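Working notes for the structure below.
Just so it is clear, none of the values below were taken in a lab; they were calculated from the coordinates. Quick caveat, the model's predicted, so the values are computed rather than measured. Note that we place each Cβ from the backbone using ideal geometry, even for glycine, and neighbour counts take in every protein chain shown.
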Amino acid sequence: MEHTTIFSCKNITKDFSGMRALDSIDMDIKSGEIVGLIGENGAGKSTLLKIIMGFQPATSGEMYMNGERFSPAGTRDANYKGIGMVYQEQSLITNLTVAQNIYFGFEKKFRQFGIGVNWKEMNEQARRVLAEVGSGEIAPGKKAGELNFATRQMVEIAKVLNSVRLSNADHYLILLDEPTSLLNDNEIKLLFKQVQKLKEEGHSIVFVSHRLDEVLELTDRIYVFKDGKGVGQVETKKADEATLYEMMVGRSTSGEYFKIEKQKEPGDEIVLEVKDLALKGAFKEVSFQLHKGEAFGICGVVGSGKEELCSVLIGDDKPTAGTIWQNGSQRKFSSPADALKHGIITVPKERRVEGIVEIRSIGDNIIISNLDEIRQGCYLSPGKIKDIGEQWIDRLSIKCTGVDALVQSLSGGNAQKVVFARALQSSCRILILNHPTRGVDVGAKEEIYTLIREITAQGISVIVLGDTLDECIALSNTVMVMKDGFVTKIVDAPKYNKPDQVKVAQFMM
């Protein structure tokens, strides 16, 4: 079979509020090949897929599909050009049948007399589509919500294939975003078999996964992203996991950038201990100790369980097994407010959703987790709010017009400083930092790194989920690695002897 280039992108760049998410990305995909796309969390993989599918436009650059200039206005437009996507979170509507999901948005072809729908014909055509992906045993009339995850995944593929057929193109491009994250070994084998079948028919696949063994097994070529840039591509037959780790991790940690010289040794006092903690479907048998003044990093890719672990530690979720001990006493946090009463608070990943109230002032946001301090009877003291706000604006160098400025007027970095101020004003003793530098510029990052060093020097303990592996290692005294819900390694990360990033990454993938 002659392999021709069916998709290419040239110099694709994407900026978000001054932050560069993608930087001059080039990619070519040939007919009848499976291309792997790998990189750490935040490397830009999902952003590129969203641009290809028309969810958001590129800031600059060009794309071509089957030799024609390609700039989709949305998902349907991408489908008409022969591109479809199977999403990690799945897009099926669970209270609709399998057939209704496959033909969702395309019901017109089954209209009878302009009003009713010929359900029998829809089900019959859906059965044929399912058979093409090796899933002819799935009942088209069954509701999607009654199927297990793996079966729904095959329905997703059938749905995507049906959508891209609208293009009448000779070759399709299917984007698979972490399709195996919740599948068992047998289900993965079935999925791979169907992907290989699509390849043999001349179609092309982009396979995004954090599991490097799967990428090496399935693909023909691999593109590697880091910090929004393409750092290289390699033929799969010439690659191994060590090579891919090296490409993904890239540059070594800069001690000056991460303020490593200011890292302090933690005290002997254990302020938090987790024993065999579990949350059904997310993680299990997690155990570790957090010492006073320690920065404890948790590394892991999407689906490792680290996010859910932090949700349990702050009372957002209730563990299904195990115990949490704080200063020698067992805790069962009923809510984040309950955790806050015991001195545990978080700087959340989604700061504009969970961390701040954008339509309120800087001062209001800073005191919102510690209202008792500025309460005067049934009222809050405007004078105290102003004094506290100005102290934090000065201490954290928050660039603003004053304490009454609305948080929605601030840049990402300054809004993040407000979130830090809120957490520290609460007099917390344990601070959970969930991607503390996500979406902030380089200058603001350095200021946040300095603040983290100051916090730990004061005896406050922090749990860090870094945006990148090098950030997590550099900021931490100890690093715990998670994979598929289990702890795979806990390593020391002292000031002058940081663990090798490549070796740590091997326990993540």
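In table form, for the structure just shown:
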{"read-out": "Segment 216-303: chymotrypsin sites (Phe, Trp or Tyr not before Pro) falling in loop per DSSP and having at most 12 other Cβ within 10 Å", "value": "none"}
{"read-out": "Dipole magnitude of segment 17-93, debye to nearest 20 (Cβ charges: Lys/Arg +1, Asp/Glu -1, about Cα centre)", "value": "180 debye"}
{"read-out": "Greater than 26 Å apart at Cα, pairs in Lys45/Lys81; Lys45/Lys417; Lys50/Lys120; Lys199/Lys489; Lys81/Lys237", "value": "Lys45/Lys417; Lys50/Lys120; Lys199/Lys489; Lys81/Lys237"}
{"read-out": "GluC sites (Glu not before Pro) within segment 1-90: DSSP coil, no more than 15 neighbouring Cβ in 10 Å", "value": "Glu2, Glu89"}
{"read-out": "Ordering of 302-312, 232-242, 265-275 by packing [mean C-beta count within 10 Å, highest first]", "value": "302-312, 265-275, 232-242"}
{"read-out": "CD proxy at 222 nm, helix term only [per DSSP H run n ≥ 4: -39500 (n - 2.57); per residue of the chain; nearest 500]", "value": "-9000 deg cm²/dmol"}
{"read-out": "Cβ-defined net charge surrounding Ala321, 12 Å radius [Lys, Arg +1; Asp, Glu -1]", "value": "+2"}
{"read-out": "Label point distance in nm, Asp268-Gln330, each placed 7 Å from Cα along Cα→Cβ", "value": "2.7 nm"}
{"read-out": "Full-extension gain in nm, His3 to Glu235, via 0.36 nm per residue minus C-alpha separation", "value": "82.0 nm"}
{"read-out": "Segment 353-425 - Kirkwood radius from inverse mean 1/r over Cα pairs (Å)", "value": "11.9 Å"}
{"read-out": "Pairs from Lys284/Lys332; Lys229/Lys495; Lys318/Lys349; Lys14/Lys226; Lys14/Lys498; Lys445/Lys498 whose Cα-Cα separation, in the structure shown, is over 22 Å", "value": "Lys229/Lys495; Lys14/Lys498"}
{"read-out": "Length-normalised contact order for segment 353-425 - Cα pairs under 8 Å, 6+ apart - percent", "value": "46 percent"}
{"read-out": "Proximal charge balance of Asp23 [Cβ under 10 Å; K/R count +1, D/E count -1]", "value": "+1"}
{"read-out": "Glu124 versus Gln56: modelled label distance in nm, points set 7 Å from Cα along the beta carbon direction", "value": "4.5 nm"}
